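Enquirer: The structure follows.
Read-outs: derived from the displayed coordinates by stated rules, not from any lab. No experiment lies behind these values; they were computed from the predicted model shown. Note that we place each Cβ from the backbone using ideal geometry, even for glycine, and neighbour counts take in every protein chain shown.
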Amino acid sequence: MEDIENMVKTTISQIEKVLSSKTVVGEPITVGDTTLIPLLSMGFGFGAGGAGKSDASARPGSGTGGAGGMKPIAIIVVDKDGVRIEPIKSSVAAAIEKLGEKVPGIVEKIADKWGEKKKE
């Protein structure tokens, strides 16, 4: 049991080192008169478990595991016009948005073709 507690404490201390405002707000990038500051979304998960020795034939063991990830969600833009936040759209959201823009045109073309077939 003590081994598991030590592993969990060690894991949490390592995660605490990673989680800070510096990991959510990236380093500023200056391009000419414009400064870009990336904003990130982060997620972490971990688990720990173990088995004690209940009889002479049992093998005790313990372990921990974890995963994490981050993705850019927006950029703070500081330029001569002021400060603004520009969201970064995921590729799925961007694809759906583009599809949504094209649907009226597609529907119109289908309606036109349908009308031509009815005339024949």
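Enquirer: Say each of residue 25 and residue 81 gets a label point 7 Å from the Cα, pointing the same way as Cα to Cβ; how far apart are those two points in nm?
Expert: 2.3 nm
Enquirer: Using θ = phi - 60° and the Karplus relation 6.51 cos²θ - 1.76 cosθ + 1.60, list the HN-Hα couplings for region 43-50 in order, rounded to whole Hz, with x at every Gly or Pro.
Expert: Couplings: x, 9, x, 7, x, 8, x, x Hz.
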